[in-house]
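One structure is given below, encoded as structure tokens.
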Amino acid sequence: MLIFFVLGIPLFLGLAAFLLPKPKYCGLANIAGYLAVLLISIFMFSHASGIRPVSWSGFFYLDSLSLFFLFVISVVAFAASLYSLSYIERDLKSGLISERKAKFYYIFFNLFCFTMFFVPAVNNLGMLWVAIEMTTLVSAFLVGFYNTKQSVEAAWKYIIICSVGIIFALLGIILFSSAFSNTGGIKSLNWSYMVSAAGRFDPNIVKIAFIFILIGFGTKAGLAPMHTWLPDAHSQAVAPISALLSGVLLKTAIYAILRFAIITNKALGTQFCGNLMMFLGLLSLAVACVFLLVQKDLKRLLAYSSIEHIGIISLGFGLGTSLGFLGALLHVFNHAVNKSLMFFSAGDIVANYKKHNMNAIRGVVQALPFCGIMAILGTFALTGFPPFSIFMSEMMIIFALFMKGNYLTCALLLLFIVVIFAALIFHLSKVLFGHKPKEMAASGEPLAAKIAFIFLFIQISLIGILLPWIFKDGFSLAIKVLQGA
């Protein structure tokens, strides 16, 4: 019953934030708590074959797929807790926030993490919908954390667009429930029951239902054309929260889509679901490509990069092959850690330069040497440059496309990747190099922030490459789940 620790620790930390006298103590408690959660999630995913799928009257459902997503969330949550310590302390010292506001941050940070851990843990698809909606409502307070006109506007846009999207997802769940009821089986929204009867579902109902699911949860995942909330929310949120939003929140919505895709594939075969996901994946890449070329805001640049990578992930899962699934799962992890590092870098840059506009930021490597070096390495990793881990997962998806005979899709993916590579290098090289402002003194990173950067860089340069071998059984079992085995 280790899942109770994974869910209970964030709740306990949220309660502790009420009681601890200083925000710094809250930050230190968070680091210890999320380190424990990370170790538990590593243990569970490495022992995936020995974890019982259903526990506590069928309410929780833990197979290798859900354990993988719990592991990814725990990695980014731990890194964000490390980075938050120095980030919030800096805002306190500068007078940007009060101690009360800082404690408010830690309360909602932990509630946000709890809702994300809850998504891959539940068996009931209705509760899955509730958990996804909870992530929106809780994280909206962190998007509008600074109470500026832009952040409040971004928070409202985030709530409204994602809530409208989630209504479509609810309609899809109702239709899936109706298809299940028509089979004469027990009336239940439990995924474990529904997937076993999927072969008897009415194909016409399933088609409509999955389209609603893809629109609804695709909105939260940032798939184009439902992505419009994402650049504003990511650019206005507190930097550690931007990392959580981009790194793992989008992936919880992908997880929800995958659960329904497995049912859909059993009812209709893989072509219907796969074609839709591949189409939206290519569309997301095209949209990201256009906006990245003309972008001027640093954090919005990274937000549109997230849309690109969600598109790549969607392509991998849409292929329906073992190699495509492996590449997509690996890309989920690689993008999560890489984008977290880049948002941490962006947070430091914006905090020191007091600007978001890339045309007004120069000489980051001189002004912030450690952060600048990490940003350079993170930029090359994010663009899929070898030998970093994103290169490996992207090549898996490209090979999978080629092996399946999707030559046009493969060519378009390569074209978009090349254009996006050029756009990111063009924009970020101007920011990172050149001469810093004369009045700005060079500064370093606090210890906790350095540890967060190094921890993530190890994932990008080493762990992300070795992951399929480190967790060989876990990945193998997760692919079987995706194949409906």
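The values are calculated or read from the model by the stated rules, or taken from the named source; none is laboratory data. All values derive from a computational prediction rather than experimental measurement. In this analysis, Cβ positions are derived from the backbone assuming ideal geometry, glycine residues included, and neighbour counts consider all displayed protein chains. All accessible areas refer to the heavy atoms of the entire protein, side chains included, with ligands and DNA or RNA removed. Shrake-Rupley method; radii C 1.70, N 1.55, O 1.52, S 1.80 Å.
See the values below:
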{"quantity": "Amide H within-cut-off set for residue 297, under 5 Å, with H built and near neighbours excluded", "calculated": "358"}
{"quantity": "Cα gyration tensor, segment 143-204 - rounded (a/c under 1.5), prolate or oblate", "calculated": "prolate"}
{"quantity": "Compactness of segment 74-175, expressed as Rg and Dmax over alpha-carbon positions, Å", "calculated": "15.7, 53"}
{"quantity": "Length added when fully stretched, residue 355-residue 192, from 0.36 nm per residue minus Cα-Cα", "calculated": "53.7 nm"}
{"quantity": "Shape category assigned to segment 42-132 from the gyration tensor of Cα positions, a/c cut at 1.5", "calculated": "prolate"}
{"quantity": "For segment 337-469: accessible area per residue (Å², 1.4 Å)", "calculated": "43"}
{"quantity": "List 282, 125, ordered by accessible area with a 1.4 Å probe, largest first", "calculated": "282, 125"}
{"quantity": "Estimated [θ] at 222 nm from DSSP helical runs (n ≥ 4, -39500 (n - 2.57)) normalised by residues in the chain, nearest 500", "calculated": "-25500 deg cm²/dmol"}
{"quantity": "Diffusion constant of segment 297-351 at 4 °C, which comes from Stokes-Einstein with the Kirkwood Cα-pair radius and 1.567 mPa s, µm²/s", "calculated": "108"}
{"quantity": "Solvent exposure, largest accessible area first (probe 1.4 Å, DNA, RNA and ligands not counted), of 44, 134", "calculated": "134, 44"}
{"quantity": "Listed pairs 149/450; 22/436; 149/220; 157/251; 24/472; 339/436 exceeding 29 Å between Cα atoms", "calculated": "149/450; 22/436; 24/472"}
{"quantity": "Charge dipole (debye, nearest 20) of the chain; +1 at Cβ of Lys and Arg, -1 at Cβ of Asp and Glu", "calculated": "480"}
{"quantity": "FRET efficiency for residue 399 and residue 2, using Cβ-Cβ distance with R0 set to 30 Å, rounded to 0.05", "calculated": "0.25"}
{"quantity": "Once exposed loop trypsin sites (Lys or Arg not before Pro) are cut out (DSSP; at most 14 other Cβ, 10 Å), longest piece of the chain", "calculated": "1-186"}
{"quantity": "Separation of the residue 59 and residue 181 label points, Cα + 7 Å toward Cβ, nm", "calculated": "2.5"}
{"quantity": "Cα centroid separation, segment 135-166 to segment 203-263 (Å)", "calculated": "15"}
{"quantity": "Stretchable slack from residue 174 to residue 470, in nm (0.36 nm times residue separation minus alpha-carbon distance)", "calculated": "102.6 nm"}
{"quantity": "Chymotrypsin sites (Phe, Trp or Tyr not before Pro) lying in DSSP loop within segment 1-108, provided at most 14 other Cβ fall within 10 Å", "calculated": "56, 59"}
{"quantity": "Distant alpha-carbon pairs in the chain (separation over 29 angstrom), percent", "calculated": "45"}
{"quantity": "Residue-count net charge about residue 271 - beta-carbon cut-off 12 Å; Lys, Arg +1, Asp, Glu -1", "calculated": "+2"}
{"quantity": "Shape of segment 204-264, Cα gyration tensor, a/c cut at 1.5", "calculated": "oblate"}
{"quantity": "Within segment 147-252: Cβ-based charge dipole about Cα centre, in debye rounded to nearest 20 (Lys, Arg +1; Asp, Glu -1)", "calculated": "140"}
